[in-house]
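Engineer: Below are the C-alpha cells for one structure; questions will follow.
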C-alpha cells in the first residue's frame with residue numbers, strides 16, 4: 001500500500017479534546033478504508049504565517065498513513081467538509097519517518113544548517129587578492 005503524510009490545521013478556538021476527536025475521526029476513515037495510521041503527532045497551537053479564515057493560530061496534527069488511495073481520498077473529503085479544519089495537505093512519501101518529526105525535535109538536537117559566512121568571505125577575499133597580485137606580476141613581465 002502507498003504511504004502518506006497528512007498535516008491538518010484546525011481552528012484556534014477549539015479545545016485540545018476536540019482536536020483529538022477530529023484526529024480520531026480522520027484515523028477512523030483510514031482504518032475503515034483498509035489502511036492504518038502508523039503515527040499521530042500533535043504539534044500544538046502554532047502561529048500561522050498569514051490569516052486563514054480570520055485565524056492567526058491553528059492546532060497542527062501530523063498523521064503518517066499506510067492506506068489505499070481510496071481511503072485517503074475519503075479522509076480528505078471529510079476533512080474538507082469539516083468546519084473546524086482550516087487547511088490540510090496530504091503527500092505521498094517513499095517511507096515513513098521513524099521517531100519524532102523535525103517539528104517536535106528540540107533545536108539543540110537538530111544539526112546546525114547555517115553556514116559560517118565569515119569564513120566563506122575570507123576565502124573569497126584572499127583568492128581575489130591572490131588573483132590581483134598574479135595579474136600585476138604578469139603585466140610587469142609583459143612590459
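The values are calculated or read from the model by the stated rules, or taken from the named source; none is laboratory data. Because the structure is predicted, anything quoted here is derived from the model rather than measured. Quick reminder, even Gly has a Cβ in these numbers, built from the backbone with ideal geometry, and neighbours come from all protein chains shown.
Engineer: Would you confirm whether or not the range 95-107 contains a residue that is outside any loop (DSSP other than H, G, I, E, B), exposed (fewer than 10 other Cβ atoms within 10 Å of the Cβ), modelled with pLDDT under 90 and out of contact with any strand residue (DSSP E or B) (no Cβ under 8 Å at 6 or more places or on another chain)?
Structural biologist: no
Engineer: Go through the range 47-69 and count every residue that is surrounded by 13 or more Cβ atoms within 10 Å (Cβ to Cβ) and closer than 14 Å to residue 9 by Cα.
Structural biologist: Within the range 47-69, residues that are surrounded by 13 or more Cβ atoms within 10 Å (Cβ to Cβ) and closer than 14 Å to residue 9 by Cα number 10.
Engineer: Shifting gears a bit: Can you tell me which of 70, 112 is modelled with pLDDT of 60 or more and part of a loop (DSSP other than H, G, I, E, B)?
Structural biologist: Matching residue, one of 70, 112: 112.
Engineer: Starting from residues that are in contact with a strand residue (DSSP E or B) (Cβ under 6 Å, 6 or more places away or on another chain) and not in a strand (DSSP E or B), keep the ones in the range 3-21 and report whichever is nearest to residue 78 (Cα to Cα).
Structural biologist: Across the range 3-21, the extreme among qualifying residues is 19.
Engineer: In the range 27-64, which residues are assigned to a strand (DSSP E or B) and touching a helix residue (DSSP H, G or I) at 6+ places or on another chain (Cβ under 8 Å)?
Structural biologist: 36, 37, 40, 42, 59, 61, 63 - these are the residues of the range 27-64 that are assigned to a strand (DSSP E or B) and touching a helix residue (DSSP H, G or I) at 6+ places or on another chain (Cβ under 8 Å).
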